[in-house]
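Participant: If you scroll down you'll find the structure; I have some questions about it.
The values are calculated or read from the model by the stated rules, or taken from the named source; none is laboratory data. Since the model is a prediction, treat every value here as computed from it, not as a measurement. Cβ sites come from the backbone with ideal geometry, for glycine too, and all protein chains shown count toward neighbours. Side chains are part of the model used for accessible areas, which takes the heavy atoms of the whole protein and leaves out ligands, DNA and RNA. Shrake-Rupley method; radii C 1.70, N 1.55, O 1.52, S 1.80 Å.
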Amino acid sequence: MMAALLALALALLAAPGFAQERPATFADLAEQVSPSVVNITTSTVVAGRTGPQGVVPEGSPFEDFFNDFGGDEPRRSSALGSGFVISADGFIVTNNHVIEGADEIEIEFFPGEGQPSELLPAELVGTDPNTDIALLKVEYDSPLQFVEFGDSDGVGARVGDWVMAMGNPLGQGFSVSAGIVSARNRSLQGTYDDYIQTDAAINRGNSGGPLFNMDGDVIGVNTAILSPNGGSIGIGFAMSSAVVTNVVDQLEEFGETRRGWLGVRIQDVTVDMVDAIDGLAEARGAMVTDVPAGPAEDAGMEAGDIILTFDGVEIEDTRELVQIVGNSPVGKDVPVEILRAGDMIDLTVTLGRRETAEAAAFPEGGEEAEPQTTNMLGMTLSEVTPEMAEAMGITAGAGLVIVEVEDGSEAAEKGLVSGDLITEAGQQKVASIADFETRVEEAQEAGRKSLLLLVRRDGAPRFVALGLE
């Protein structure tokens, strides 16, 4: 009986559904792609010491020490990183943080026949700090061996697929490490983040190097690690080629990025907002909280609209929308489907350019909070008087000011604080306590369990749903 069970288990493991192809060796892949991987050395002028200096008599045994330790002369500091060649004419991709602030950039190629044996100076073509990508260019009298980008969303980049990293870890020279894709779509606080997580060893000096799939295509640029001690613990991150290819194309063509710009402030739709929004069946999409002068306003978009599709793509959350908009060409006419007061509306937005429009559309600064009457939904609310309006830099009747939030209330749990300004309730403007009471009554009569509020803090808007029971 035991033998039969063992035989069955072995048969199941050998069945096609359980089969897993493991590479017998990575040597062939490493030999194929290594000529395109480079070491990058940067140098930066560091100002010499200023102020009083020690005076050492000539011939003193300490003279050499002080001379070597430094003086008024500028010194040079060096840093090491990795990169990879993406074209025969010498374009090289690396991380922005590898070359940021460098006065000189030199490229060392993998040793081999036909490879440049000397260090080649590199010219900086352009950088994108938002994705930590930089594009360099070297000149050489023969075509260089290069690698191509692969599909970071396809086969070979799935969770569990084998990958190989190459670079110059800790300045030790060309090195290979292997592992699997541990996770996808990781974010490290950047607006356009789309990182592949891998357990292939990545250390300092690997930054800017390629992450290969088993076909020898680059599916990511090794950028960061999560580590308590500065060394690899098997949690590394590579910016996906889906992001990098678009950035590199723009840097090569323009020397800078030119991202699409919708011109709205947005926030995620949370589960507790669904019941308060007509026509919304689930928590998805991006809710518009503010529409300054720009492409969205020109197209007729309004605060309170929920963007459900953009250019034919269903939007799950704000992160997805930001990435899709940013990857769209400037000037493109894009169909956008929105939900407004229970109705689906089709708009067409002509995208602007984020790099030039964002600062003008959303200048920093805003109103300062001032306290002042009526207690509803765990909040003390006050109409905006002329004195408050002047102090806060807003117009009288612009909404209701939260004077106090009751401890332990839902409003407190949702992060509302004194000084917040409520400008809409139930997706309608409120200018008085009477308006607010009317919105509450309407929501209760409609059988709603919550009321959607548009709240502004320091000029930045967001929607909050508060329970009515």
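Participant: With the condition being modelled with pLDDT of 90 or more, in contact with a strand residue (DSSP E or B) (Cβ under 6 Å, 6 or more places away or on another chain) and of a type in the set (Val, Ile, Thr), I'd like the strands (runs of 3 or more DSSP E) fully within segment 1-111 carrying at least 2 qualifying residues.
Facilitator: 37-46, 91-95, 104-109
Participant: Continuing with the same structure: Could you check segment 331-344 and list, in sequence order, the residues that are aliphatic (A, V, I, L, M) and either surrounded by fewer than 18 Cβ atoms within 10 Å (Cβ to Cβ) or part of a helix (DSSP H, G or I) (or both)?
Facilitator: So the first thing to find is which residues in segment 331-344 are aliphatic (A, V, I, L, M), and the list is 334, 336, 338-339, 341, 344.
Selection gives Ala341, Met344.
Participant: I've got another one for you. Just to check your reading of the model, which residue among Met301, Met239 is assigned to a loop (DSSP other than H, G, I, E, B), at pLDDT 95 or above and open to solvent by less than 20 Å² (accessible area, probe 1.4 Å)?
Facilitator: Only one candidate qualifies: Met301.
Participant: Testing Tyr140 on (1) at pLDDT below 90; (2) open to solvent by 60 Å² or more (accessible area, probe 1.4 Å), one condition comes back false. Which one is that?
Facilitator: Checking Tyr140 against (1) at pLDDT below 90; (2) open to solvent by 60 Å² or more (accessible area, probe 1.4 Å), the one that fails is (1).
Participant: For the condition under 25 Å from Leu188 (Cβ atoms) and modelled with pLDDT of 95 or more, what is the one hit in Phe310, Phe362?
Facilitator: Phe310
Participant: Taking the conditions exactly as written (surrounded by 19 or more Cβ atoms within 10 Å (Cβ to Cβ), over 30 Å from Ser87 (Cβ atoms) and among the polar types (S, T, N, Q)), does Thr318 satisfy them or not? Write out each step before concluding.
Facilitator: Numbers: surrounded by 19 or more Cβ atoms within 10 Å (Cβ to Cβ): no; over 30 Å from Ser87 (Cβ atoms): yes; among the polar types (S, T, N, Q): yes.
So Thr318 does not fit the description; no.
Participant: Of the conditions (1) within 23 Å of the chain's Cα centre (by Cα); (2) open to solvent by less than 40 Å² (accessible area, probe 1.4 Å); (3) modelled with pLDDT under 95, Pro169 clears all except one; give me its number.
Facilitator: (1)
Participant: Please name all residue pairs, on different chains or six or more residues apart, with Cβ atoms under 7 Å, provided the first residue is in segment 203-226 and is of a type in the set (Asp, Glu) and the second residue is open to solvent by 10 Å² or more (accessible area, probe 1.4 Å) and part of a strand (DSSP E or B).
Facilitator: From residues that are of a type in the set (Asp, Glu), the pairs are Asp217/Phe149.
Participant: If the requirement is being surrounded by fewer than 21 Cβ atoms within 10 Å (Cβ to Cβ) and not in a strand (DSSP E or B), which of these qualifies: Ile233, Ile202?
Facilitator: Just a single option satisfies the conditions, and that option is Ile233.
Participant: Looking only at segment 432-467, count how many residues are under 33 Å from the mean Cα position of the chain (by Cα) and surrounded by 19 or more Cβ atoms within 10 Å (Cβ to Cβ).
Facilitator: 13
Participant: Continuing with this model, one more query. Would you mind finding the one in Gly160, Gly126 that is over 23 Å from Leu80 (Cβ atoms) and either open to solvent by less than 50 Å² (accessible area, probe 1.4 Å) or among the aromatic types (Phe, Trp, Tyr) (or both)? Step through it out loud before you land on a result.
Facilitator: Numbers: Gly126 fails: over 23 Å from Leu80 (Cβ atoms).
The conditions single out Gly160.
Participant: For segment 418-436, which residues satisfy the criterion of being among the charged types (D, E, K, R) and modelled with pLDDT of 85 or more?
Facilitator: Asp420, Glu424, Lys429 - these are the residues of segment 418-436 that are among the charged types (D, E, K, R) and modelled with pLDDT of 85 or more.
Participant: Go through the residues of segment 227-236 one by one and say whether even a single one is touching a Lys or Arg at 6+ places or on another chain (Cβ under 8 Å) and within 17 Å of Asp132 (Cβ to Cβ).
Facilitator: no
Participant: For Thr191, state whether it is open to solvent by 10 Å² or more (accessible area, probe 1.4 Å), modelled with pLDDT of 95 or more and of a type in the set (S, T, N, Q).
Facilitator: Details: open to solvent by 10 Å² or more (accessible area, probe 1.4 Å): yes; modelled with pLDDT of 95 or more: no; of a type in the set (S, T, N, Q): yes.
So Thr191 does not fit the description; no.
Participant: Looking at segment 304-315, which of the residues that are closer than 23 Å to Gly331 by Cβ and either in contact with a Cys (Cβ under 8 Å, 6 or more places away or on another chain) or not in a loop (DSSP other than H, G, I, E, B) (or both) is most open to solvent (accessible area, probe 1.4 Å)?
Facilitator: Val313
Participant: For the condition open to solvent by 80 Å² or more (accessible area, probe 1.4 Å), touching a helix residue (DSSP H, G or I) at 6+ places or on another chain (Cβ under 8 Å) and not small (Gly, Ala, Ser), what is the one hit in Phe109, Phe146?
Facilitator: Just one listed residue meets the conditions, Phe146.
Participant: Against the definition (of a type in the set (Gly, Ala, Ser) and at pLDDT 95 or above), how does Ser182 come out, yes or no?
Facilitator: Spelling it out, Ser182 is indeed of a type in the set (Gly, Ala, Ser) and at pLDDT 95 or above.
Participant: Between a residue in segment 397-421 that is in a loop (DSSP other than H, G, I, E, B) and any residue that is among the acidic types (Asp, Glu) and surrounded by 14 or more Cβ atoms within 10 Å (Cβ to Cβ), which pairs come within a Cβ distance under 6 Å, given they are 6 or more apart or on different chains?
Facilitator: The qualifying pairs are Ser418/Glu404.
Participant: Let me ask something additional. Please verify whether segment 146-161 includes one or more residues that are within 18 Å of Ser207 (Cα to Cα), touching a strand residue (DSSP E or B) at 6+ places or on another chain (Cβ under 8 Å) and either acidic (Asp, Glu) or in a loop (DSSP other than H, G, I, E, B) (or both).
Facilitator: Yes, segment 146-161 has at least one match.
Participant: List every residue pair whose Cβ atoms lie under 9 Å apart, where the two residues are 6 or more positions apart in sequence or sit on different chains, the first residue falls within segment 85-96 and is open to solvent by 10 Å² or more (accessible area, probe 1.4 Å), and the second residue, located anywhere, is part of a helix (DSSP H, G or I).
Facilitator: Listed pairs, sorted by first residue: Ile86/Ser36; Ile86/Val248; Ser87/Glu252; Phe91/Val248; Phe91/Glu252.
Participant: Still on this structure: Filter segment 254-271 down to residues that are part of a loop (DSSP other than H, G, I, E, B) and over 20 Å from Thr356 (Cβ atoms) and give me whichever is least open to solvent (accessible area, probe 1.4 Å).
Facilitator: Checked segment 254-271; the qualifying residue least open to solvent (accessible area, probe 1.4 Å) is Val269.
Participant: Take the conditions more than 22 Å from Gly205 (Cα to Cα) and more than 25 Å from the chain's Cα centre (by Cα) and apply them to Tyr140. Does it pass?
Facilitator: yes
Participant: Would you say Leu119 is touching a strand residue (DSSP E or B) at 6+ places or on another chain (Cβ under 9 Å), modelled with pLDDT under 90 and open to solvent by 50 Å² or more (accessible area, probe 1.4 Å)? Let's see the steps before the verdict.
Facilitator: Numbers: touching a strand residue (DSSP E or B) at 6+ places or on another chain (Cβ under 9 Å): yes; modelled with pLDDT under 90: no; open to solvent by 50 Å² or more (accessible area, probe 1.4 Å): yes.
No, not satisfied.
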